[in-house]
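Below is one structure, written out as structure tokens; the observations come after it.
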Amino acid sequence: MSVTSAKGFKASGVAARISKLGPDVALVVGDGECIGAGMFTANRVQAAPVVVSKEHLALADPQAVVINSGNANAATGEQGLADARATAAETARLLGLEPGQVLVLSTGVIGVPLRLDRIRAGLPQAAAALSAAGGADAATAIMTTDTHAKQAAVARGGFTVGGMAKGSGMIHPNLATMLAVVTTDYPLEPGEAIEFLRPAVDESFNAISVDGECSTNDAVVLLSSGAAATTRTPATDEAFVHALRAVCSDLSQQIVRDGEGATLVAEINVRGAVSDVEARAIAQRIATSPLVKTALFGRDANWGRVLMAAGSAPHNGGYANVDPSRVSLSYNGTAVLLHGSPQNVEPDVEGAVCTIDLDLGLGGGTAAYLTSDLSYDYVRINAEYRS
């Protein structure tokens, strides 16, 4: 149930004193030649490791990923880029690889220089600790405000997909402060990994929000060792698609459930929109509305706030189409609005999960989003983040 569940991978996690929290350097390495791909944050302010990892992906398929927590190495200028490159170079030297075969990921405080001396001191320990049983240690080492390690795995028809992720706050699509490494022993050809990864990410990591904040460091990496004794057919490819999406979905759901200060997870389902694009815009607007999220924290089915958010969803320089007279809305299966008419009922939203279904009655567009509530603890955690 980890990033090393698939054949052909080793991992480790050690303490290099970058973070105050414990283990803070992780390695994930393929035993042989890997095929891989990565997707990164859409934020215009991109951390040094994101810039360097993109450069390396243009040169070669990744064979290893080195991750540090406790410092984002973002907004650190030319020195930050040099430190990210030096981290890749030292990792490559220890593993017998080329620097371009190593991806570098970082998470933590923005704007603080990376302690490269501590990274360099920790990397030999991490390399020496590499093990097929090291997935849990690696998952622990990448945590920041996470309350627990996030891991998932799916085995199907002779192959396995496994992964780990971190993320709790600054969670929003394209991507969101989250790092994920997914591995598989399913055989892939050069150039194929991104074609499998992109739709899986769009349906999982790009459909969650905790606080609407898009990070500088987000990354999702896929590595394939090809070590499974599987003969590829259209049917096995389809099985791999489902397994990859299942792992990405599981990890993304774990991130939302562990959202900073979260006491409730809400699934936002939108249907009947003019298009899927507009449905997604509306679902995202509801999922990121502070008023909707604070009402959920108070266990208040304040459906007027959902309607407000739906009617102000940005789309193509304006707003997505909403006709209040056609809208139906329910909480946990209890309709509060039918075709624009209030139902004068009070749905039960006292649990830790809430499903909000919105039918716009305009077309066939659908979308789903996962979000969390916004609590006092979210404010406290982020107010104290650097202290």
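The values are calculated or read from the model by the stated rules, or taken from the named source; none is laboratory data. Fair warning: this is a prediction, and the values are worked out from it, not measured in the lab. For neighbour counting, all protein chains shown are included, and Cβ atoms are generated from backbone atoms with ideal geometry for every residue, glycine included. Heavy atoms of the whole protein, side chains included, go into the accessibility calculation; ligands, DNA and RNA do not. Shrake-Rupley method; radii C 1.70, N 1.55, O 1.52, S 1.80 Å.
For ALA239, the requirement of being assigned to a loop (DSSP other than H, G, I, E, B) and farther than 26 Å from VAL104 by Cα is not met. In the condition set (1) of a type outside the set (Val, Ile, Thr); (2) touching a helix residue (DSSP H, G or I) at 6+ places or on another chain (Cβ under 8 Å); (3) open to solvent by 50 Å² or more (accessible area, probe 1.4 Å), ALA47 is compliant with all but (3). Within region 88-120, the set of residues being open to solvent by 10 Å² or more (accessible area, probe 1.4 Å) and in a helix (DSSP H, G or I) comprises ALA89, GLU90, ARG93, LEU94, LEU95, PRO99, GLY100, GLN101, LEU116, ASP117, ARG118, ARG120. Just one of the listed residues (THR91, THR41) is farther than 23 Å from ASP146 by Cα, β-branched (Val, Ile, Thr) and in contact with a strand residue (DSSP E or B) (Cβ under 8 Å, 6 or more places away or on another chain), and it is THR91.
Entry remark, region 26-47: residues being of a type in the set (D, E, K, R) and farther than 29 Å from VAL112 by Cβ number 2 in total.
Of SER341, SER328, SER312, all but one fail to be among the polar types (S, T, N, Q) and in contact with a Lys or Arg (Cβ under 9 Å, 6 or more places away or on another chain); the exception is SER312.
Evaluating ALA309 against the criteria (1) of a type outside the set (Ser, Thr, Tyr); (2) over 13 Å from ILE282 (Cβ atoms); (3) buried (at least 16 other Cβ atoms within 10 Å of the Cβ); (4) free of Cβ contacts under 8 Å to residues at least 40 places away in the same chain leaves one unmet condition, (2). Residue pairs whose Cβ atoms lie under 7 Å apart, separated by 6 or more positions or on different chains, with the first residue in region 145-166 and within 14 Å of SER69 (Cα to Cα) and the second among the β-branched types (Val, Ile, Thr) and open to solvent by 30 Å² or more (accessible area, probe 1.4 Å), are THR145/ILE381; ALA149/THR140.
Scanning region 254-263 for residues that are in contact with a Phe, Trp or Tyr (Cβ under 8 Å, 6 or more places away or on another chain) and surrounded by fewer than 22 Cβ atoms within 10 Å (Cβ to Cβ) gives GLY261, THR263.
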